[in-house]
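Enquirer: Mind having a look at this structure? Questions to follow.
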Amino acid sequence: MEIDISARHFQVTEALKDYITEKAKKLDKYSLKIESAHVVLDVQKFHHLAEIAVAGKNLRLTAKEES
């Protein structure tokens, strides 16, 4: 699985990249034949947003979380 990580308004640390990669690889246990995942992190003052788009064979999933 290819995982692309990008951030807006801040730099992504290696520890954060490792954490995201570890969590995204857990999706393989559902055997959805995932080919790629794109993660976007965004910080705007006190709002933190995370968005993931997963693509595979006949599959497209997106999720978004804000805190």
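Enquirer: Which lysines, if any, have their Cα less than 16 Å from the Cα of residue 25, not counting same-chain residues under 8 positions apart?
Expert: Correct list for residue 25: 17, 33.
Enquirer: To continue, here is another question. Which whole-number value in Å² is the accessible area per residue of the chain, probe 1.4 Å?
Expert: Solvent-accessible surface per residue comes out at 78 Å².
Enquirer: On to the next question. If you filter the chain for trypsin sites (Lys or Arg not before Pro), then keep DSSP loop positions with at most 16 other Cβ within 10 Å, what is left?
Expert: Sparse-neighbourhood loop trypsin sites (Lys or Arg not before Pro): 33, 45, 57.
Enquirer: For the chain, modelled as a GNM with alpha-carbon contacts under 10 angstrom, which of 37, 53, 15 fluctuates the most?
Expert: In the Gaussian network model the winner is 15.
Enquirer: Roughly speaking, what is the centre-to-centre gap between segment 38-67 and segment 1-24 when only Cα atoms are used, to the nearest Å?
Expert: 11 Å
Enquirer: Using each residue's phi in segment 21-37, evaluate 6.51 cos²θ - 1.76 cosθ + 1.60 at θ = phi - 60° and report the 3J(HN,Hα) Karplus result to the nearest Hz, with x for Gly and Pro.
Expert: 4, 4, 5, 5, 5, 5, 5, 5, 5, 8, 6, 8, 6, 6, 9, 8, 9
Enquirer: Please work out how much accessible surface residue 5 shows to a 1.4 Å probe, ignoring ligands, DNA and RNA, in Å² rounded to 10.
Expert: Ignoring ligands and nucleic acids, residue 5 comes out at about 50 Å².
Enquirer: Per residue of segment 48-53, in order, report the coupling 6.51 cos²θ - 1.76 cosθ + 1.60 (Karplus, θ = phi - 60°) as ³J(HN,Hα) in whole Hz, putting x for Gly and Pro.
Expert: 10, 10, 10, 9, 10, 10
Enquirer: Separation between the residue 64 and residue 49 pseudo-spin-labels, each 7 Å from Cα along Cα→Cβ, expressed in nm?
Expert: Placing both labels 7 Å beyond Cα along the Cβ direction yields 0.6 nm.
Enquirer: Continuing with the same structure: Which listed residue (24, 12, 40) has the Cα farthest towards the positive end of the charge dipole for the chain, taking +1 on Lys and Arg C-beta and -1 on Asp and Glu C-beta about the Cα centre?
Expert: Sorting the options by dipole projection puts first 24.
Enquirer: Below 8 Å between Cα atoms, with a sequence gap of 6+, how large is the relative contact order for the chain in percent?
Expert: Relative contact order for the chain comes out at 31 percent.
Enquirer: How large, in percent, is the carbon and sulfur part of the accessible surface of segment 4-67 at a probe radius of 1.4 Å?
Expert: 53 percent
Enquirer: Give me the extension gain from residue 10 to residue 27: residue separation times 0.36 nm, minus the current Cα-Cα distance, reported in nm with one decimal.
Expert: 3.5 nm
Enquirer: Right, something else. About the Cα centre of the chain, what is the dipole size in debye to 20, counting +1 per Lys and Arg Cβ and -1 per Asp and Glu Cβ, all else neutral?
Expert: Result for the chain is approximately 220 debye, rounded to the nearest 20.
Enquirer: When Rg and Dmax of the Cα atoms in Å is calculated directly from the model, which label among (i) 12.0, 36; (ii) 13.4, 43; (iii) 12.4, 38 fits?
Expert: Looking at Rg and Dmax of the Cα atoms in Å for this model, the match is (iii).
The values are calculated or read from the model by the stated rules, or taken from the named source; none is laboratory data. Worth saying up front: this structure is predicted, and the values here are computed from it rather than measured. Glycine gets a Cβ as well: all are built from the backbone with ideal geometry, and neighbour counts include every protein chain shown. Ligands, DNA and RNA are excluded from the accessible area calculation, which covers all protein heavy atoms including side chains. Shrake-Rupley method; radii C 1.70, N 1.55, O 1.52, S 1.80 Å.
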